[in-house]
Each structure stands twice: as structure tokens, then as C-alpha cells.
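Q: Would you mind keeping the following structure in view while I ask a few things?
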Amino acid sequence: MPDVIKVTDLKKTYVNDEVETPVLHGISFSVPRGQFVAIMGPSGSGKSTLMQILGFLDSITSGQYLFDGRDASTLDEDELATMRGEGVGFIFQAFNLLPKTTVLENVKLPLLYSKIPVSKRDKMAMEAIEAVGLTHRAHNLSNQLSGGERQRVAIARALIRKPPVIFADEPTGNLDSKSGTLVMQILQKLNIEHGHT
């Protein structure tokens, strides 16, 4: 299978008040389409920084990042926004849901600025909600859900545009072991049955 992600000698250094803080030190790896990959390391080792770079939320200092064969450094702001909207989905440890908004509305958020007709958005959101087993909660407010259910809503939101790649930044970090196991099973099922990287 072709590589969906390929990084070569990737380096990231933050500069603050003329103080340079190197975070990533010449990383090279590739991820074939359809792989299920875990990036592990101690706190402060640069995992979240790497994920933000791979998800087009941050830029590299030097090296090369190819996504589906395209060099990320050559993309303009509109192209980067398209990649963030269609190429990748994000699942965050903190869920990042709007509290007084229904599950359905939270899942539809990534479609807010899309060209997808409004008439199709509810159907797309319900398909994503069904994929994580929360159809019965679609009209509940997100602040009425358990932590595990909120993380499943966050997964549905990441799925709504059917991105080829899903990034999950410690998706079980705020969950008890039972909920964490369920979330990992959902992610594995998406990988096996739908081919998400």
C-alpha cells in the first residue's frame, strides 16, 4: 500500500523571546494507508507537537512532510484548510464538545464551513453517530453524557467527513478503563472495517 504519511528528517524548534527550544530532532518514518499506528513516549517528548504538524495545525522548522504524496510546505492557507477539513479527523483527550449543544449538532460542526448541502448534513451526522453506537443519544446535550459517551461523540465528529486519516491525541486519557477499552475497540473497528489510517 502507498504511504499516506511520510516524514523525512523532520525538525521542530519553537522560538520564544529569542530562546530556541528544539522539540522534534530529525524524525523520519512513513505510514502506509490503512495502518493502525501508536506513537508513544514520555510526557513532553513531542507527541502532540508531531500530531499537530501531521494534522496541518503547525508547521515544521525543517525536513519534509508528505501527505498522500503532497509536500505540506507547498500548500497555501486554503489548501491547508481543505486538508484539515477533508484529509484528517481529530479526536482530542479533552473532547472539545460544545456543552449546551446536542450530540447531533456537535457532530455536524466540521460541516459548518463545508460546501456539503445543509439537507445532507443530518443524515451524515446520524451515520457517524450510529458508527459509535450512540443513536439513542443523538438529541441529548453533550453535558448530559458520561465521559466515555462524550469521547464517542468526538470520534463521530472526526468521522463525519470520512477522512482517510484519523489522529487521536490520548483519546482514552480522561476515561476509566472500561470506557477506554470501548473507545479503542471503536477505533480498531474503524480501521479494520473502513480502512481509516
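Q: Being open to solvent by less than 60 Å² (accessible area, probe 1.4 Å) and not hydrophobic (A, V, I, L, M, F, W, C) is the filter here, so list the residues in the range 118-140 that pass it.
A: Arg121, Gly133, Asn140
Q: Taking the stated definitions as given, is Phe167 touching a Lys or Arg at 6+ places or on another chain (Cβ under 6 Å) and either aromatic (Phe, Trp, Tyr) or open to solvent by 70 Å² or more (accessible area, probe 1.4 Å) (or both)? Before the answer, list the steps.
A: Details: touching a Lys or Arg at 6+ places or on another chain (Cβ under 6 Å): no; either aromatic (Phe, Trp, Tyr) or open to solvent by 70 Å² or more (accessible area, probe 1.4 Å) (or both): yes.
So Phe167 does not fit the description; no.
Q: Please go through the range 111-137 and give me each residue that is farther than 21 Å from Gly148 by Cα and touching a helix residue (DSSP H, G or I) at 6+ places or on another chain (Cβ under 6 Å), ordered by number. Before you say what the answer is, go through the steps one by one.
A: Let us first name the residues in the range 111-137 that are farther than 21 Å from Gly148 by Cα, namely 111-124.
Selection gives Leu111, Arg121.
Q: Quick one: which strands (runs of 3 or more DSSP E) sit completely within the range 1-115 and have at least 2 residues that are farther than 29 Å from Asn143 by Cα, of a type outside the set (A, V, I, L, M, F, W, C) and open to solvent by 50 Å² or more (accessible area, probe 1.4 Å)?
A: Working: elements: 3-16, 19-32, 62-67, 88-92.
Those strands (runs of 3 or more DSSP E) span 3-16, 19-32.
Q: Select from the range 141-164 the residues that are farther than 27 Å from Met83 by Cα, open to solvent by less than 40 Å² (accessible area, probe 1.4 Å) and assigned to a loop (DSSP other than H, G, I, E, B) and list them in ascending order.
A: Leu145
The values are calculated or read from the model by the stated rules, or taken from the named source; none is laboratory data. This structure is a prediction, so every number in the text was calculated from the model and none was measured. For neighbour counting, all protein chains shown are included, and Cβ atoms are generated from backbone atoms with ideal geometry for every residue, glycine included. Side chains included, ligands, DNA and RNA excluded: accessible areas come from the protein's heavy atoms. Shrake-Rupley method; radii C 1.70, N 1.55, O 1.52, S 1.80 Å.
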